[in-house]
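Below: one structure, written as structure tokens.
The values are calculated or read from the model by the stated rules, or taken from the named source; none is laboratory data. All figures in this text were calculated on a predicted structure; none of them were measured in a lab. Cβ: placed from backbone, ideal geometry, glycine included. Neighbour counts: every protein chain shown.
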Amino acid sequence: MLKDAVQEVRVFAPATVANVACGYDVLGFAIDAPGDEVVVRHSPKPGLRITAITGDGGKLPKDPEKNTAGVAALDLLRHLGMTDRGIEMEIHKKMPFGSGLGSSAASAVAGAYAVNRLIGEPLTKKQLLPFAMAGEASADGAWHADNVAPCLLGGIVFIRSNDELDVAQLQPPANLWAAVVHPDIEILTKVAREILPAEIPLVNATQQIGNLGGLLCGIIQEDYGLISRSIHDVIAEPRRQKLIPEFYKAKRAAMAAGALGFSISGAGPSVFALCEGEETARKVGEAVSKVFSSVPLGNQIHVSRINPHGVHVIDEKSPA
Ligand code: HSE
């Protein structure tokens, strides 16, 4: 029998940039902020209950079987044979839906991680991956770990196989920064996936594989030139850019301000640039923001180092 180490846990799960241009469904990284928070506590009443959700504009269901954080937590509790445990959960959404920032993945990761911590950490972070994935898949119906895995583990995560959940975590180069800009429109991941072709020409597959290999080598070798030459997406970006106003103008502005490369964050509408150094990342964020503001389109800039930690505990209360 595992001992309950804590009475209440509050966790933070960060936003993530999926695809990273050339790694459609197989590459992602975490940033420091924004992110979702989930609070869980023991309750004398058996079963998992979602008692409060904030920041969602009333859109999210409180039924744990229909909520990404709830599904992830329930999947974990079923696996452990602990569904009769009395647990209350609060979800605090701090980023918009359909933003390209991995919002549903963050809630799913936070749900699984918080409950695992509350019941005495029977599983490691990496072992939580399938349960967080089940939560994320309940939101968008697709099975891709490029938001969930970096949100959970931190750093830059490469997914060799989504089916087998075979993932490799890469340590980011020390001076690699991201500028992420979220324009105030919503893109449903489902819609952004439907506009992609089922098949692609061999020439595009070859280019994409070359760029993905180059990007991974560049990250491992801390070769910013190689990173820069590799951040190109010839598959999703050309089709999805039309969903984002002034995408190519924003890209030109980012490159002119010194970005190593620029593309769509996940399914969009957020866009991201990788940069060498914080100062460049701030300049790039401002330049891209200016383009969206001229549309006019409200937008938020998030400048961050690659977050090496992923989901983590921000507060804990011991049993009385
Ligand atoms: N890899 C996914 C996509 C990320 O591009 O559709 C969506 O969050």
Checklist outcome for this item: If we keep only residues of segment 221-243 that are touching a Phe, Trp or Tyr at 6+ places or on another chain (Cβ under 9 Å) and assigned to a loop (DSSP other than H, G, I, E, B), then the residue nearest to Thr280 (Cα to Cα) is Ile231
Checklist entry - Within the bounds of segment 145-160, is there any residue that is in a helix (DSSP H, G or I), within 16 Å of the ligand (Cβ to nearest atom), outside the structural domain of Gly261 (by TED's automatic domain parsing) and free of Cβ contacts under 8 Å to residues at least 24 places away in the same chain? => result no
Next on the checklist: For the structure I just gave you, tell me whether Val115 is farther than 29 Å from Ser228 by Cα and within 15 Å of the ligand (Cβ to nearest atom).
Outcome noted: no
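When you look at Lys66, is it in a loop (DSSP other than H, G, I, E, B), more than 17 Å from the chain's Cα centre (by Cα), of a type outside the set (Asp, Glu) and surrounded by fewer than 19 Cβ atoms within 10 Å (Cβ to Cβ), yes or no? Don't jump to the end; show me each part of the working.
Numbers: in a loop (DSSP other than H, G, I, E, B): yes; more than 17 Å from the chain's Cα centre (by Cα): yes; of a type outside the set (Asp, Glu): yes; surrounded by fewer than 19 Cβ atoms within 10 Å (Cβ to Cβ): yes.
So Lys66 passes the test.
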Checklist entry - Looking at Gly100, is it within 16 Å of the ligand (Cβ to nearest atom), in a loop (DSSP other than H, G, I, E, B) and crowded, with 17+ Cβ neighbours inside 10 Å? => result yes
Checklist entry - Only one of (1) in contact (Cβ under 8 Å) with a residue 12 or more places away in the chain; (2) closer than 30 Å to Leu243 by Cβ fails for Arg85. Which number is that? => result (2)
Item to check | Selected residue (criterion: farthest from the ligand (Cβ to nearest atom)) from residues of segment 31-52 that are small (Gly, Ala, Ser) and closer than 19 Å to Phe97 by Cβ | outcome: Ala52
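Per-residue answers, yes or no, for (1) in a loop (DSSP other than H, G, I, E, B); (2) surrounded by fewer than 15 Cβ atoms within 10 Å (Cβ to Cβ); (3) within 16 Å of the ligand (Cβ to nearest atom); (4) modelled with pLDDT of 95 or more:
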| residue | (1), (2), (3), (4) |
| --- | --- |
| Asp4 | yes, yes, no, no |
| Phe29 | no, no, yes, yes |
| Gly57 | yes, yes, no, no |
| Arg78 | no, yes, no, yes |
Next on the checklist: Residues that are closer than 25 Å to Leu170 by Cβ and part of a helix (DSSP H, G or I): does segment 267-279 have at least one?
Outcome noted: yes
Item to check | Subset of segment 113-131 (residues that are under 14 Å from Gly310 (Cα atoms), touching a strand residue (DSSP E or B) at 6+ places or on another chain (Cβ under 9 Å) and among the aliphatic types (A, V, I, L, M)) | outcome: Ala114, Leu129
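Here is a yes/no grid of residues against (1) touching a residue at least 60 places away in the same chain (Cβ under 8 Å); (2) away from the ligand (no atom under 16 Å from the Cβ); (3) closer than 18 Å to Leu176 by Cα; (4) in a helix (DSSP H, G or I):
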site	(1), (2), (3), (4)
Lys249	no, yes, no, yes
Pro296	no, yes, no, no
Gln300	yes, yes, no, no
Val303	yes, yes, yes, no
Checklist entry - What are the residues in segment 277-320 that are within 30 Å of Tyr113 (Cα to Cα) and small (Gly, Ala, Ser), if any? => result Ser304, Gly310, Ser318, Ala320
